[in-house]
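Report on the structure given below.
Read-outs throughout are calculated quantities, based only on the coordinates presented, and are distinct from any laboratory measurement. Here the structure is a predicted model, which means the values were calculated and not measured. So basically every Cβ, Gly included, is an ideal-geometry build from the backbone, and we count neighbours across all protein chains shown.
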Amino acid sequence: MRRTYWATTAIVVGECAVGGTMDLFRMAPFYPMLIDLGYPGYLSPILGGAKLAAAVVIAVPGLPRLKEWAYAGVLINMLGAAASNGAAHQYSGMVAPTAFAVLALASWATRPRSRKLLPAEARSEAAEELAAAYGVQEHDR
């Protein structure tokens, strides 16, 4: 499970970082595809900035609530790209974004507990487990 998480996460973060940079600077092949699909050119740097932010948030430890938003953004972006290609009858353009959406879902589903947004009771239990692991007593907290 751990290998699956790191493998899928590395691919997702890499795609967000590389794709985000290419979008930010309006580079081929993504920018011409965006224009061909009828989207305005100013959308590219907006998507690029969002992808770069998602790459950072998904990669760094902590930030569980932001991770949820980053994964949601990646999925919305990828599924939107697949749907846009499908609506334009460019079916071959649906393959890559659908594959990246599946990888993002796999990364999200297999992430370790330390990278999940936990319910309040689970956060309390996790804090107690962490305190016990470091030998912190109740009166020390």
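Couple of notes before you dig in:
- Between Val136 and Ala87, the simple spin-label model (points 7 angstrom out along Cα→Cβ) gives 4.9 nm.
- Selected from Gly73, Ile46, Asn85, residue furthest toward positive end of dipole (the stretch 1-86; charges at beta carbon): Gly73
- Think of each Lys and Arg Cβ as +1 and each Asp and Glu Cβ as -1; about the Cα centre, that makes the dipole of the stretch 1-83 roughly 320 debye.
- Expected-Rg normalisation [2.2 N^0.38 Å, Cα atoms] applied to the chain: 1.29
- Cα centre as origin, Lys/Arg/Asp/Glu Cβ charges: the chain dipole, Debye: 200
- Relative frequency of Cα-Cα separations exceeding 11 Å in the stretch 35-82, percent: 69
- Each Lys or Arg adds one and each Asp or Glu subtracts one; over the other residues with Cβ under 13 Å from the Cβ of Arg2, this totals +4.
- Karplus 3J(HN,Hα) series, Hz, for the stretch 111-116 with 6.51 cos²θ - 1.76 cosθ + 1.60 (x for Gly, Pro): 5, x, 3, 5, 10, 9
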